[in-house]
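K.L.:
Take a look at the following structure, please.
Only the coordinates and a few stated rules stand behind these numbers; no lab work does. This structure is a prediction, so every number in the text was calculated from the model and none was measured. When we count neighbours, we look across all protein chains shown, and the Cβ atoms used for this are built from the backbone with ideal geometry, even at glycine.
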Amino acid sequence: MITIDAKGLSCPQPVLMFMEAANSKDEKEIIVLVDTDASKENVSRAAQSKNYRVKDIQQNRDEYRIILMKN
């Protein structure tokens, strides 16, 4: 499992960080932390393009924890 902390970063940086992790590691689970709705949506879409599914999205105040599982 990898956790990517992309809070405070604007798109496309969170997406690029996820894509780098998905391309370079053979991880079954990747967790991405973001703090905007746009980043949450963009990372979720990018995950689907890399054969990951959104297992869960947890919101805690101004933070989203996106849990992605490889299909």
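K.L.:
Test ILE30 against the criterion of being closer than 14 Å to ILE2 by Cα and hydrophobic (A, V, I, L, M, F, W, C), and give yes or no. I'd like the intermediate steps shown before the answer.
P.N.:
Details: closer than 14 Å to ILE2 by Cα: yes; hydrophobic (A, V, I, L, M, F, W, C): yes.
Considered against the rule, which asks whether it is closer than 14 Å to ILE2 by Cα and hydrophobic (A, V, I, L, M, F, W, C), ILE30 comes out as yes.
K.L.:
Okay, moving on. Out of all the residues in the stretch 20-42, is one or more touching a helix residue (DSSP H, G or I) at 6+ places or on another chain (Cβ under 7 Å) and of a type in the set (Lys, Arg)?
P.N.:
No, the conditions are met nowhere in the stretch 20-42.
K.L.:
Now a separate question. Collect the residues in the stretch 1-46 that are outside any loop (DSSP other than H, G, I, E, B), surrounded by 14 or more Cβ atoms within 10 Å (Cβ to Cβ) and of a type in the set (Ser, Thr, Tyr), keeping them in residue-number order.
P.N.:
SER39, SER44
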